[in-house]
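This report refers to the structure that appears directly beneath it.
The values are calculated or read from the model by the stated rules, or taken from the named source; none is laboratory data. These numbers come from a predicted model, not from an experiment. Cβ placement follows ideal geometry from the backbone for every residue including glycine, while neighbour counts extend to all protein chains displayed.
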Amino acid sequence: MDICLLINEVAPGGAPTVVLDIVRQTDDPDVSYTVCIIEGERTLVPELREAGATVVDFDASFKFDPRALWRMARFFRRNDFDIVHAHLPYAQFLGRVLGGLGGTESIVSTQHNVPENYHPITRTLERLTRSLDTRTIAVSEGVERAFTGQSARYEPGQHRQWCTIYNGIDAEVFANAVHRAKTEAVRERWGIEDAIVFLNVSRYVDAKAQLDLIAAMESLGERRTDVHLLLVGWGEREPALRAAVEQRGLGNLVTVTGKVPTVHEYYALGDVFVSSSVFEGLPIAHLEAMAAGLPVVATEIAGVTEVVRDGVNGRLVPPKQPEELASAMAESCDNERREPWGTASSRLVREQFSIEQTVEDHLSLYLELANERRK
C-alpha cells in the first residue's frame, strides 16, 4: 500500500510526532509512506527520511499560496496513492479536494483537537468538505464526541464513518532517553537549585493558557519558596508570557525557556508535569510526561480526562481556575502523593497508549480501505 500522509508542518510535538512514530513503527514491507508538508516548520524532516518516508515539501509561503496549491494539484494528478491521510484542518481541506481530484479513492482525516480550537476559516472549510472523507479518525473519545455527540474505539471490521484511535507513544524508548539525559547544564542555565520543578511543555498559544499557570505559580509562591516552573516551548504568545513573569515579579519562580533543542533533559529535571490548557485532543506531551514517570496536574477537559485519572496519576482541576490549579500543585509537592502518582503514570501510558497499538489500528484501517477499494 502506498500511503500519503499530508500535514501542515512537521514541528516537534503533537500531530507531527504521531506521524513520525507511525512511520517509524511500521515494519510491513508492503506499506510505504510519502509525507507531504504544506508550510511552516520542517524540523522533523531528517527523522522522517531516516525512518524510511519519502518527504515532499510543497513550500507554501502562506496559507492558500497559489503556487503551492498548483504544485499540490500537479503532485496528486501525477501520483497514484492507495490512501491520502490528512492531519489537521487545513491539510484535511486540501487533501480531500486535491487528493480526490487527483484520483485517490480513499481519503482519511484525523481530528487532533476539538473543533472549537480550530481557526474559524479552516474550521469552516474542514466542515464543508468533511463528507468527502472515506473514514474520519479522532485521537480521543472526547474529540469524537465533540464532533458527533458519540464515540467508539476503533475495532477492525466495524466500518463506521468515525472511530477513535488513541495517540500513542513509544514509552520505553522515551523513558530510556529521559533516563540518559543530563540535567546539570539545564539547572545551571536557568539557575535552578534545590526546588520542586513543575514542567510544562507545549506551544505558546492561547489554547494552552499558560498565563493561568503563571498566575497559579504566583499563588503557590506565596505558600512556599522551594518551587520552580519551567515553561518549555515556542509560539506567538512568548512575549506575553515573558511580560507576565516580569510584571508579577516571578523571575525567581518561573522560567520561559523558548524553543529548546531537546526536551528529554527537561523531563528528567521535572518533578511534576502541569498543564493549564483549555482545549486539547489527546496531548502527546502528557503521554511523554507519563512515560518519564511524572505525575500530571492538568485541566479537566476533553481528551485530558482519558489520560489523567484524578487521584491516581495526578490531579484534575477546572480550566481557567488558577487558584484551584495552585492548590493541586501544592498537593503534588507532597512526596507521599507524588511518587505513587508517578508510578501510576508509567503504568497507564504503557497499558493504554502504546504506539504499537496506534500503528496496529492504523494499518488495520488502511487494509480495510484497500480491500473495500478492490471489491
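Kindly indicate which of Ala15, Ala11, Ala86 is small (Gly, Ala, Ser) and over 20 Å from Ile355 (Cβ atoms). Quick ask: steps written out before the conclusion?
Values: Ala15 fails: over 20 Å from Ile355 (Cβ atoms); Ala11 fails: over 20 Å from Ile355 (Cβ atoms).
Matching residue, one of Ala15, Ala11, Ala86: Ala86.
Taking residues in segment 332-361 that are within 21 Å of Arg224 (Cα to Cα), and partners anywhere that are among the small types (Gly, Ala, Ser) and assigned to a helix (DSSP H, G or I), the pairs with Cβ atoms closer than 7 Å and at least 6 places apart or on different chains are Arg338/Ser332.
Put simply, of Ser346, Ser332 the only residue that is among the hydroxyl-bearing types (Ser, Thr, Tyr), modelled with pLDDT of 95 or more and surrounded by fewer than 22 Cβ atoms within 10 Å (Cβ to Cβ) is Ser346. Residues in segment 153-176 that are in a loop (DSSP other than H, G, I, E, B) and within 18 Å of the chain's Cα centre (by Cα): Ile165, Tyr166, Asn167, Gly168, Asp170.
If the condition is being buried (at least 20 other Cβ atoms within 10 Å of the Cβ), among the hydrophobic types (A, V, I, L, M, F, W, C), touching a residue at least 40 places away in the same chain (Cβ under 8 Å) and not in a helix (DSSP H, G or I), then segment 1-17 contributes Ile3, Cys4, Leu5, Leu6, Ile7.
The residues listed here are Gly303, Gly293, Gly270, Gly258; of these, the one that is under 18 Å from Val139 (Cα atoms), in contact with a helix residue (DSSP H, G or I) (Cβ under 8 Å, 6 or more places away or on another chain) and not hydrophobic (A, V, I, L, M, F, W, C) is Gly303. Among residues of segment 306-317 that are aliphatic (A, V, I, L, M), those with a beta-carbon under 7 Å from a residue that is surrounded by fewer than 24 Cβ atoms within 10 Å (Cβ to Cβ) at least six positions away or on a different chain give the pairs Val308/Leu316; Val312/Ala344; Leu316/Glu300; Leu316/Thr305; Leu316/Asp310; Val317/Glu300; Val317/Glu324; Val317/Ala328. Residues that are modelled with pLDDT of 95 or more and among the β-branched types (Val, Ile, Thr) within segment 218-247 comprise Val227, Val232, Val245, listed in sequence order. The residues of segment 281-308 that are under 18 Å from Thr164 (Cβ atoms) and out of contact with any strand residue (DSSP E or B) (no Cβ under 8 Å at 6 or more places or on another chain), listed by number, are Leu282, Pro283, Ile301, Ala302, Gly303, Glu306.
Yes or no: segment 181-189 includes at least one residue that is of a type in the set (Gly, Ala, Ser), under 23 Å from Leu287 (Cα atoms) and within 17 Å of the chain's Cα centre (by Cα).
Filtering segment 181-189 down to residues of a type in the set (Gly, Ala, Ser) leaves 181, 185.
Keeping just the survivors that are under 23 Å from Leu287 (Cα atoms) gives 181.
Filter once more, keeping what is within 17 Å of the chain's Cα centre (by Cα): none.
So far as segment 181-189 goes, no, none of its residues is of a type in the set (Gly, Ala, Ser), under 23 Å from Leu287 (Cα atoms) and within 17 Å of the chain's Cα centre (by Cα).
Residues of segment 34-52 include none that is over 21 Å from the mean Cα position of the chain (by Cα), at pLDDT below 95 and either among the acidic types (Asp, Glu) or within 30 Å of Val263 (Cβ to Cβ) (or both). Against the condition modelled with pLDDT under 95 and not assigned by TED's automatic domain parsing to the domain that holds Glu265, how does Leu369 come out, does it pass? For Leu369, the condition - modelled with pLDDT under 95 and not assigned by TED's automatic domain parsing to the domain that holds Glu265 - is met.
Contact map, segment 204-233: first residue under 24 Å from Asn117 (Cβ atoms) and touching a residue at least 60 places away in the same chain (Cβ under 8 Å), second residue of a type outside the set (A, V, I, L, M, F, W, C) and in a helix (DSSP H, G or I), Cβ cut-off under 7 Å, separation 6 or more or different chains; pairs are Ala207/Asn117; Asp212/Pro322; Ala215/Pro322; Ala216/Pro322.
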